[in-house]
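Trainee: Okay, here's the structure, questions in a sec.
What follows is calculated from the coordinates using simple rules that are stated; it is not laboratory data. In this text, all values refer to a predicted model and were calculated from it rather than measured experimentally. Every residue, glycine as well, gets a Cβ built from its backbone with ideal geometry; the counts of neighbours run over all protein chains shown.
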Ligand SMILES: *Cc1c(COP(=O)(O)O)cnc(C)c1O
């Protein structure tokens, strides 16, 4: 018996069974063809069955599918680390791999705490974070997050003294640094676009001010780009605009082909661990970190991203979304937000979206709204016609008598 994610198993609707997938299309057991409008949780940026990625994985599987990174290393992980070192901005050069975004967040938060401990400061136990943030479902990631809809289990522990949440407003940011700078080890954000918290978008000036304050008080700035990385905001990485001390990538890292993530540190962070003292080492090591199949897929994914100029594909997607939504309004809609390869229609009352998954299915689109958010995060290889069809389906929902 499968226990499905984020579901009340008693009332859950049957999931659609997928038997094949290619490009933007999912093929179901009952013979339907659906455009995947949310890229399998925002990860499959190249669509399904991309020949280059499939070939990379198959070729590696014929050599070896996995070896541990403890005491061993291999070419796929070395090549991927070298590529990321060259490709990521500034001195974000030190790659710690892990098997999922949540674990990569745990690693980042552990790094930030230990960074200060290694420098002799054990008082910095607090993490600054944003309201409505989402950083994964493991425990420290849940604490850093602020999403009662996902993490109400934390209620059992009462107020957490080690996490401070602020809205994306500069005066609140300055106030938090004023009050807590001695006890903060890091400030973790989903930069520009808060995904699971409701596709909320904010301005880069907030991050620029955060960078200044973090520098002033030696607080590490962590960008959780598990969702926003690889072009989703219309920037390759938000880290290209404002450089964090630690950058976390996941989801689209492998093109969505195999679960993998990376926590990338800059020189300043790495140097605080680099020592003759064994107690200053980072004590972490997921069994499947640096998995050769995942690293082979990730390397090819980045090469395709560059060679096929995905950034221009993404700006086309943004342009089409803006054009198609320009004259669209409905009294039940609170706001329509568009950024890069993401569109969100927020409704005033979540009951308005009840039944949309089935409606989209009837129109040949897979979509899965949550709470009061109907959104699309399409694979970047989508054609104009397919994208317009996704957007038409979203708009049609507000016109029909459901
Ligand atoms: C999805 C997500 C995570 C968690 O990644 P998993 O691979 O699901 O563990 C963390 N942070 C952000 C911003 C995410 O969107």
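Trainee: Measure nothing fancy, just the Cα-based angle from helix 292-307's long axis to the longest principal axis of the chain, in degrees from 0 to 90, nearest 10.
Mentor: Here the helix axis deviates by roughly 70 degrees.
Trainee: By counting other Cβ atoms within 10 Å of each Cβ, how are 42, 397 ranked from fewest to most?
Mentor: Sorted ascending by nearby Cβ count, the order is 397, 42.
Trainee: Moving on. Ranking 283, 374 by Cβ neighbours within 10 Å, fewest first, what do you get?
Mentor: With the fewest neighbours first, 283, 374 line up as 283, 374.
Trainee: Additional query: Going by average Cβ density within 10 Å per residue, which order do the peptides 10-23, 377-390, 200-213, 294-307 take, highest to lowest?
Mentor: Top to bottom by mean Cβ count within 10 Å: 294-307, 377-390, 200-213, 10-23.
Trainee: Okay, moving on. Return one number: the angle in degrees, 0 to 90 and rounded to the nearest 10, between the long axis of the Cα atoms of helix 101-118 and the longest principal axis of the Cα atoms of the chain.
Mentor: 20 degrees
Trainee: Using only helices, what value at 222 nm comes out for the chain when you add -39,500 (n - 2.57) per DSSP H run of length 4 or more and divide by the total residues, to the nearest 500 deg cm²/dmol?
Mentor: -11000 deg cm²/dmol
Trainee: While we're looking at this one, here's another question. To test your reading of the geometry: what angle, between 0 and 90 degrees and rounded to tens, separates the Cα axis of helix 384-399 from the longest principal axis of the chain?
Mentor: The two axes meet at around 70 degrees.
Trainee: Next question, about the same structure. Order 215-224, 239-248, 59-68, 177-186 from most to least packed using the mean count of other Cβ atoms within 10 Å.
Mentor: Those peptides, ordered most packed to least, come out 239-248, 215-224, 177-186, 59-68.
Trainee: Just rank 124, 322, fewest to most, by other beta-carbon atoms within 10 angstrom.
Mentor: Ordered by Cβ neighbours within 10 Å, fewest first: 322, 124.
Trainee: Highest mean first, what order results for 78-87, 138-147 on Cβ atoms within 10 Å?
Mentor: Averaged packing, sorted descending, gives the order 138-147, 78-87.
Trainee: What is the Cα centroid distance between the range 21-43 and the range 117-159, reported in whole angstrom?
Mentor: Using only Cα atoms to place each centre, the spacing works out to 34 Å.
Trainee: May I ask for the percentage of alpha-carbon pairs in the range 147-241 that lie more than 16 Å from each other?
Mentor: Everything past 16 Å amounts to 60 percent.
Trainee: Which of rounded, prolate, oblate describes the range 198-316, given a ≥ b ≥ c as roots of the alpha-carbon gyration tensor eigenvalues and a/c under 1.5 marking rounded, otherwise prolate only if a/b is larger than b/c?
Mentor: It is oblate, given that a/c is not under 1.5 and a/b is not larger than b/c.
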